[in-house]
Amino acid sequence: MAGKIVVADLRSPLSIALDSVRAAAYETYDPDRTFKPGERLRFWAFSNQEAYDVAALAKAAAFIGVHMDKADRSRFFQNAGGVKADPLGEWFPTVGALPGLYVNRPTGEALRAYAKAGARATLVSEGATPPTQTYNVVGVLPGLSSKIIQIQSHSDGGAANDASGAAAVLALAEYYSRVPAADRKKTLQFVISAGHFSTSVGFRTFIKSHREDIQKNVLVNLTVEHVGRHYELEDGKLMDRGMACPSFFYSTNKDWFPLMSEAVHRYDLKRTFVLPHSGPGNGEGALWNWRSGRPSIYNIAPVEYMQSTEDTLEKIDLERVRAITQVYVRLIDRLSDLLDWSALRLPSCQKN
């Protein structure tokens, strides 16, 4: 590959087996029985995403990734190249190492024919990646206690990912701004970060920079991401299935599963799995807070159309944004009632 333009098919197979998710879940809330036996979902990762890293380490001249399992008419906004040697590190040496681009399936078919014929090509990258500044938006509502419940999402991306999550955070901030300060038992901190698709630089820097002041008062982090409608790919086209994309509702503390389950039932958040901290997505806020020793509860959904021009406003499920916001109000109120975390004594977890 040295000195050559690498053309690689990137595959997004039907990679989430819902039967396996159900087996790992504390609860599957699907009263309408919409999850079918053997059903699998695509999500945003590629099964061979490390192709970029392989090309970079082999000193290729450039990289062209072909999205084989994405909508044919899409343009793509790809985040950091691939699987990293140190996935929990803060420096990824192959990011930006190669000029390149990501293309849809029809374009890839044309390029593949040229590549197999041994054609010579020149790739001119007119983009630039100068150092820049990302901005976090932080709001604080003081409470009777200086201990903090943090509510978080990120602002960069598309509509479902993650204008939907940011909208839920703003709705929660507006709601609690109307609650008298004397009735807020904990301080509430709202964070909308940028740089999510550049190794989450915004939020991890926020945590690192405030480790000795703000972060030591954070009791729990609540993250909302990806509240979208469920679409499936057929013959290169995204088809609306007329329902919400399933929610994967995680916690890093298993003792909170009953709290989450009660809130999900109360606000009828259908097509939801209540899960331990593992699985197809771990949420930006959960990952970096977990690394800093702070527990998290977070909601994320495998919206197939993210990171592309297909992630448009009609993909957001507004009724589900409202329901998820209500679920988080319930969780915040319940957690705020606890004088300290040792007071939380709930039934042991049973899988349903």
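Structure data summary
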| item | result |
| --- | --- |
| Residue 88, sole failed condition from (1) more than 27 Å from the chain's Cα centre (by Cα); (2) aliphatic (A, V, I, L, M); (3) at pLDDT below 90 | (1) |
| Residue 269 being under 21 Å from residue 163 (Cα atoms), in contact (Cβ under 8 Å) with a residue 24 or more places away in the chain and more than 16 Å from the chain's Cα centre (by Cα) | yes |
| Subset of the range 331-352 that is modelled with pLDDT of 90 or more and touching a Leu at 6+ places or on another chain (Cβ under 8 Å) - its residue that is surrounded by the fewest Cβ atoms within 10 Å (Cβ to Cβ) | 334 |
| Some residue of the range 229-245 being in contact with a helix residue (DSSP H, G or I) (Cβ under 7 Å, 6 or more places away or on another chain), buried (at least 23 other Cβ atoms within 10 Å of the Cβ), touching a residue at least 12 places away in the same chain (Cβ under 8 Å) and not β-branched (Val, Ile, Thr) | no |
| Total residues in the range 148-187, condition touching a helix residue (DSSP H, G or I) at 6+ places or on another chain (Cβ under 6 Å), part of a loop (DSSP other than H, G, I, E, B) and surrounded by 20 or more Cβ atoms within 10 Å (Cβ to Cβ) | 2 |
| Output for the range 4-32, where each listed residue is of a type in the set (S, T, N, Q) and assigned to a loop (DSSP other than H, G, I, E, B) | 12, 15 |
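The values are calculated or read from the model by the stated rules, or taken from the named source; none is laboratory data. Owing to the predicted nature of the structure, the values given are computational and were not obtained by experimental measurement. All Cβ positions, glycine included, derive from the backbone under ideal geometry; neighbour counts span all protein chains shown.
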